[in-house]
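A.B. asks: What follows is a structure written as structure tokens; I'll ask about it next.
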Amino acid sequence: MFSIKKIYQPITLAEALEIYTSNPQLKIIAGGTDVLISLHHGKLDDVELLSIKNLTELTGINYLTDGTIEIGTMTTFTEIFRNEIINKYIPILAEASVSMGGPQIRNNATIGGNICNGAVSADSAPTLFVLNADLRIVNNEGVRIVPITEFYAGPGKVKLQSGEILTHIIIKKADYKGMYGKYIKFSNRKAMDIAMLSVATLGKVKNNKFTDLRIALGVSAPTPIRCTKAESFAFNKTIKEELIKQISEKTLLNANPRHSWRGSKVYREHLIQVLTERALKEIITMSGGKWHE
Ligand SMILES: Cc1cc2nc3c(=O)[nH]c(=O)nc-3n(C[C@H](O)[C@H](O)[C@H](O)COP(=O)(O)OP(=O)(O)OC[C@H]3O[C@@H](n4cnc5c(N)ncnc54)[C@H](O)[C@@H]3O)c2cc1C
């Protein structure tokens, strides 16, 4: 059924890197929920796979002494949304994780695969964008750290070089402490459907002003994006209904959604504003702020 020529199944990261460096044509397979669909559609005939499923170095979620949270890229979405550290410190990531796929998919799909697949609809992306997540990428020669906001190169494309494996997602304490977040996924069906549009907001409110606000969108441009113009407009302004409307309108200055069978450009532009407004109101309420007199 699947046209697989060979599969390597190393048990350590060092071994995997060694094999990958000598065989750069290999296709990495993690949970396989994207790779197996590509195989099924005949896009990867006679493929040689490098399975990273047995690499225990890439699993689990750790809370470091300085409050940094490190997520191994082989961690599944089920593990993420059930994890105590995630629910305590970055519940917005649990919210995004439980919104993806259905139970069978979430049990296999990894957060690393979600990022590396490069889909603009990836449910982890907007949340990791607002959390300013860093990616730890290794090859046989060393390690590099890349902000996730610089990792996407276009639809289905990410900036991974030959021989590289994404090992961890790193979220620093300063990027979640005192912040409240909300992820909203909008899709044609309530379950087992990818996003037609998605919004993540993360903010800090003091004296009813945004002292930090981050807004990210999925399926609103060729890659997930941050709405930097709306974010800087919001900074230190007193929160009111009118301000929320203005911020939501300004998200369109960074967005450029496309027309597709899932939703028209005009409808997506409407959704961007409505969902941003809704998500902002949620985080203002959580932060103890108010937008009405
Ligand atoms: C029925 C169904 C429903 C789905 N619903 C959703 C949904 O609601 N939301 C959503 O976002 N996605 C959805 N998906 C897509 C898919 O499940 C996710 O993108 C998933 O997170 C991919 O993870 P994986 O571990 O299965 O990746 P794989 O399929 O194993 O790999 C995906 C890609 O990433 C590369 N890769 C994987 N791990 C690494 C690594 N550590 N380093 C370098 N490269 C790597 C692979 O080579 C491949 O190109 C759905 C898929 C199916 C089949």
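The values are calculated or read from the model by the stated rules, or taken from the named source; none is laboratory data. Quick caveat: nothing in here was measured; it's all calculated off a predicted structure. Counting neighbours? That spans all protein chains shown, and the Cβs are built from the backbone with ideal geometry, glycine included.
A.B. asks: Please give the number of the condition residue 182 fails out of (1) more than 12 Å from the ligand (Cβ to nearest atom); (2) over 16 Å from the mean Cα position of the chain (by Cα); (3) in a strand (DSSP E or B).
C.D. replies: With (1) more than 12 Å from the ligand (Cβ to nearest atom); (2) over 16 Å from the mean Cα position of the chain (by Cα); (3) in a strand (DSSP E or B) applied to residue 182, the lone miss is (2).
A.B. asks: If the requirement is being in contact with a helix residue (DSSP H, G or I) (Cβ under 7 Å, 6 or more places away or on another chain), assigned to a strand (DSSP E or B) and not assigned by TED's automatic domain parsing to the domain that holds residue 36, which of these qualifies: 200, 122, 153, 96?
C.D. replies: 200
A.B. asks: Continuing with the same structure: Going by the structure shown, is residue 35 more than 22 Å from residue 136 (Cβ to Cβ), within 13 Å of the ligand (Cβ to nearest atom) and crowded, with 19+ Cβ neighbours inside 10 Å?
C.D. replies: Considered against the rule, which asks whether it is more than 22 Å from residue 136 (Cβ to Cβ), within 13 Å of the ligand (Cβ to nearest atom) and crowded, with 19+ Cβ neighbours inside 10 Å, residue 35 comes out as no.
A.B. asks: Sticking with this structure for a sec: Kindly check whether there is at least one residue in the range 207-226 that is among the charged types (D, E, K, R) and within 15 Å of residue 289 (Cα to Cα).
C.D. replies: yes
A.B. asks: Test residue 105 against the stated conditions and say whether it is of a type in the set (A, V, I, L, M), assigned by TED's automatic domain parsing to the domain that holds residue 150 and in contact with a strand residue (DSSP E or B) (Cβ under 8 Å, 6 or more places away or on another chain).
C.D. replies: Judged against the criteria, residue 105 is not a match.
A.B. asks: Out of the range 213-239, which residues are surrounded by 16 or more Cβ atoms within 10 Å (Cβ to Cβ) and of a type in the set (A, V, I, L, M, F, W, C)?
C.D. replies: Listed by number, the residues that qualify are 213, 215, 216, 217, 219, 221, 225, 227, 230, 233, 234, 239.
A.B. asks: Let me ask something else about it. Taking residue 40 as meeting all but one of (1) surrounded by fewer than 20 Cβ atoms within 10 Å (Cβ to Cβ); (2) more than 12 Å from the ligand (Cβ to nearest atom); (3) in contact (Cβ under 8 Å) with a residue 12 or more places away in the chain, write down the number of the exception.
C.D. replies: Just one mismatch for residue 40, condition (2).
A.B. asks: Within the range 169-179, track down each residue that is within 16 Å of the ligand (Cβ to nearest atom) and either surrounded by fewer than 23 Cβ atoms within 10 Å (Cβ to Cβ) or of a type in the set (Phe, Trp, Tyr) (or both).
C.D. replies: 170
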